[in-house]
Amino acid sequence: MSHAEPKRDPGDVDTAPGHEGRDGHEAAAGIGSYLIGLGLATLLTIVSFFIARTTLVWQPSIPVALAVLAIAQMGVHLVFFLHITTGPDNVNNVMALAFGVLIVFLVIAGSLWIMAHMNHNMMPMDQIMQMQR
């Protein structure tokens with residue numbers, strides 16, 4: 001065979017993503033990132049409980065505020081704990097996340113559509129009563 005395989009160094013070993021060697025500075029930066037994420041997640045959780053229990057916030061705006069805080073909480077988890085960013089090495093992660101969001105959207109939209117049209121597809125009550133006799 002005339003395949004020309006590139007020669008590999010005996011020291012080169014295939015490693016899984018995330019298992020690359022790290023020096024002390026990179027490890028400290030990683031731990032710092034987790035601690036920032038933990039702090040932000042804790043702060044968002046405390047603010048959510050405060051908003052839900054206080055009378056200082058206008059009552060009709062509480063569900064909107066909680067939804068915004070929940071979305072912010074998801075963003076913190078995606079960036080600081082799952083490390084899903086828009087960097088060139090994370091394209092597959094972003095695509096997998098987008099596909100997951102699409103599937104969840106389709107399931108929710110389909111469920112809402114089915115529930116909205118359920119009465120149209122059901123048999124009228126007088127016919128149901130006649131069948132029971």
For the range 8-22, indicate whether the set of residues that are at pLDDT below 95, surrounded by 11 or more Cβ atoms within 10 Å (Cβ to Cβ) and assigned to a loop (DSSP other than H, G, I, E, B) is non-empty. yes
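Among the residues of the range 59-75, is there at least one that is in a loop (DSSP other than H, G, I, E, B) and either modelled with pLDDT under 80 or surrounded by fewer than 10 Cβ atoms within 10 Å (Cβ to Cβ) (or both)? Reasoning before the result, please.
So the first thing to find is which residues in the range 59-75 are in a loop (DSSP other than H, G, I, E, B), and the list is none.
No, because not a single residue in the range 59-75 is in a loop (DSSP other than H, G, I, E, B) and either modelled with pLDDT under 80 or surrounded by fewer than 10 Cβ atoms within 10 Å (Cβ to Cβ) (or both).
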Restricting the first residue to the range 25-40 and requiring it to be more than 10 Å from residue 81 (Cα to Cα), which pairs with a second residue that is part of a helix (DSSP H, G or I) and open to solvent by less than 90 Å² (accessible area, probe 1.4 Å) meet a Cβ separation below 6 Å and a spacing of at least six or different chains? 40/76
Could you go through the range 93-109 and let me know if any residue there is without any contact (Cβ under 8 Å) to a residue 24 or more places away in the chain, part of a helix (DSSP H, G or I), surrounded by 11 or more Cβ atoms within 10 Å (Cβ to Cβ) and more than 12 Å from the chain's Cα centre (by Cα). no
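Under the condition of being assigned to a helix (DSSP H, G or I) and farther than 18 Å from residue 45 by Cα, which residue from the range 76-90 is least open to solvent (accessible area, probe 1.4 Å)? Steps first, please.
Initially, the range 76-90 is screened for residues assigned to a helix (DSSP H, G or I), giving 76-81, 88-90.
Now restrict to residues that are farther than 18 Å from residue 45 by Cα: 88-90.
On the way: 88: 124, 89: 128, 90: 24 Å².
Per the stated criteria, the residue is 90.
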Residue check for residue 29: under 21 Å from the mean Cα position of the chain (by Cα), among the aliphatic types (A, V, I, L, M) and either modelled with pLDDT of 95 or more or not in a loop (DSSP other than H, G, I, E, B) (or both): no
Any idea which of (1) loosely packed, with under 10 Cβ neighbours inside 10 Å; (2) in a helix (DSSP H, G or I) is the one residue 56 doesn't satisfy? (2)
Quick check: anything in the range 116-130 surrounded by 10 or more Cβ atoms within 10 Å (Cβ to Cβ), closer than 30 Å to residue 49 by Cα and either in contact (Cβ under 8 Å) with a residue 12 or more places away in the chain or not assigned by TED's automatic domain parsing to the domain that holds residue 37 (or both)? no
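The values are calculated or read from the model by the stated rules, or taken from the named source; none is laboratory data. As the structure is a prediction and not an experimental result, all values here were calculated from the model. Cβ atoms come from the backbone with ideal geometry, glycine included; neighbour counts cover every protein chain shown. Ligands, DNA and RNA are stripped out before the accessible areas are found, and what is left, the full protein with its side chains, is counted by its heavy atoms. Shrake-Rupley method; radii C 1.70, N 1.55, O 1.52, S 1.80 Å.
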